[in-house]
Every structure is written in C-alpha cells, then in structure tokens.
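Input: a single structure, listed below in structure tokens.
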Amino acid sequence: MERVAFITAETGDDLVLSFAVQCHDDASEIESLILMRTPKYEFILEEYERGVSVSFGQFEEDDLLQKISYSAEEGVVCIQTTSRKYELDVHKIDPDDLKKMRKILKKMNYDQSFQTSGV
C-alpha cells in the first residue's frame, strides 16, 4: 500500500486529481499518481482512447481508469487501470481534500466510463 502525503484537485479544461505518494525509502520524496481527463477535447480521440488517463512516475506509459473505490472507514483508495492496481493510504488526508477528491471523480465520470464505489 502506498502512503499519500497530500491530494490536489484542479478543474478547468482539464480535470486533474493528483496523489502525492511518499516513497518507501524516504518519506520526504514523493511521486505523483495523476488522474486526468479532458472532456472538452475528447471528441477528437478514438473511442478506445477516451476516459481518465492514469500516470505514475515510475511507469512510462499511461493507463485508462477502469475502477476506483474509496473506503472512508479504512482510509483507502483503490485504483484499477487497464494494466495496474494501486492501493493508497489516505487516512491522514484532510477531510476537505477527500471531499474535493470525491467531487472531481464524479465530474470525471460524467459518462459512466469507469466503475466507482464509495465516491
């Protein structure tokens, strides 16, 4: 399980949700796990390319989000992409930031392109 130091959420032409994941060896170093969607320009993409792209610093290629779940009781976010699964420990994240996370995920899923639970 990856520990998250903080979350940022941005709205505009791009919908961006970024998790600052602490490195296991050094908690002061972080890598960003980024979920991004650009609904305004998706019409120019092929159908199979549309949706929320997920990128993580240690992997070179982006994946598409298939499923995300959030358990407030456990303080865990699980992200399933086309080729990977991430488990994020968010129990130390500010409740307002978690509320923003849930709100932007709902915006990203305007067309039900991925499954949600607890969002």
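None of the figures in this text is laboratory data; all of them are computed from the coordinates on show. The model shown is predicted, which means the values in this text are computed figures rather than measured ones. Neighbour counts run over all protein chains shown; Cβ positions are idealised from the backbone, glycine included.
Taking the C-alpha atoms only, the angle from helix 95-108 to the longest principal axis of the chain is near 20 degrees. With distances taken between every two different alpha-carbon atoms, the chain has a Kirkwood hydrodynamic radius of 14.5 Å. Taking every DSSP beta bridge that has both ends in the chain, the antiparallel portion is near 85%. Placing dummy labels 7 Å off each Cα toward the beta-carbon, the span from residue 85 to residue 102 is 2.4 nm.
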